[in-house]
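Here the structure comes first, spelled out in structure tokens, and everything after it is commentary.
Where a number appears in this text, it was derived from the coordinates with a stated rule and is not lab data. Since the model is a prediction, treat every value here as computed from it, not as a measurement. For neighbour counting, all protein chains shown are included, and Cβ atoms are generated from backbone atoms with ideal geometry for every residue, glycine included.
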Amino acid sequence: MRIRFSNILFPDHIALHLEANTLPTALQTLLNLLKGDLRISDFARFESAILNSNPPAVSNNYTCIIIAHCRLEFLHQLVMAAGRPINPFPIPNSPQPLRLLFIAGIPLTLNNEYLRIVGAIARICSDPNSLSELLSSKTPYEFIQTLDSHLDLV
């Protein structure tokens, strides 16, 4: 299976103007975008898994991103949400403020895709040009297109 973010990250699951100043608030805001998604058969357990995932911050000289993810049996397909805080906020143990937040839910049956998705996001965001495009995307469609366009480069 070839990853295309456009197949798993939908425009209405992207918050380009995320109003949050803490990680729990940001995660909850993105989770709220996924409520009612038919790919998640037990939203309460999915929500709990993400909120308790204690996702590490991935930071470098210019930014910090977080990829909160889980693998669960009650996910029918890959599911994602993404957010870009209006005002990047500090994250413990990161020298840079949070600029991008991703949530990924992966069904247990998709072993390889789990690593591919998380790895692809990390590699795309570690490239200054790709990151700049994501941070300047004006619409959710442009954000998704940017992720997909850089897949061939990772």
Discussion item. I need Arg116, Arg4 ordered by Cβ neighbour count within 10 Å, fewest first.
Written reply: Arg4, Arg116
Worksheet item: Where in segment 138-152 does the label zone of Asn129 land, with the point 7 angstrom along Cα→C-beta and an amide N cut-off under 20 Å?
Response: 138, 142-152
Worksheet item: Given +1 on the Cβ of Lys and Arg, -1 on the Cβ of Asp and Glu, and no further charges, what dipole in debye does segment 1-122 carry about its Cα centre, rounded to the nearest 20?
Response: 280 debye
Worksheet entry | Estimated FRET transfer efficiency when R0 is 25 angstrom, pair Asn60-Ser149 (beta carbons, to 0.05) | 0.75
Worksheet item: Taking the Cα centre of segment 36-116 as the origin and placing charges on Cβ (Lys, Arg +1; Asp, Glu -1), which of Asn54, Pro90, Ile40 is farthest toward the positive end of the dipole?
Response: Pro90
Worksheet, complete the sentence: With x for Gly and Pro, the residue-by-residue ³J(HN,Hα) of segment 39-49, computed from phi through the Karplus equation 6.51 cos²θ - 1.76 cosθ + 1.60 at θ = phi - 60° and given in whole Hz, is 6, 10, 7, 9, 4, 4, 6, 4, 4, 4, 4
Discussion item. Given Cα positions, please report Rg to Rh for the chain, the hydrodynamic radius being the Kirkwood one.
Written reply: 0.92
Worksheet item: Got a sec to turn the phi values of segment 7-14 into Karplus ³J(HN,Hα) couplings, 6.51 cos²θ - 1.76 cosθ + 1.60 with θ = phi - 60°, whole Hz, x for Gly and Pro?
Response: 8, 10, 10, 9, x, 7, 10, 10
Fill in: Cβ-based charge dipole, segment 23-154, positive-most Cα from Phe102, Leu134, Leu27
Leu27
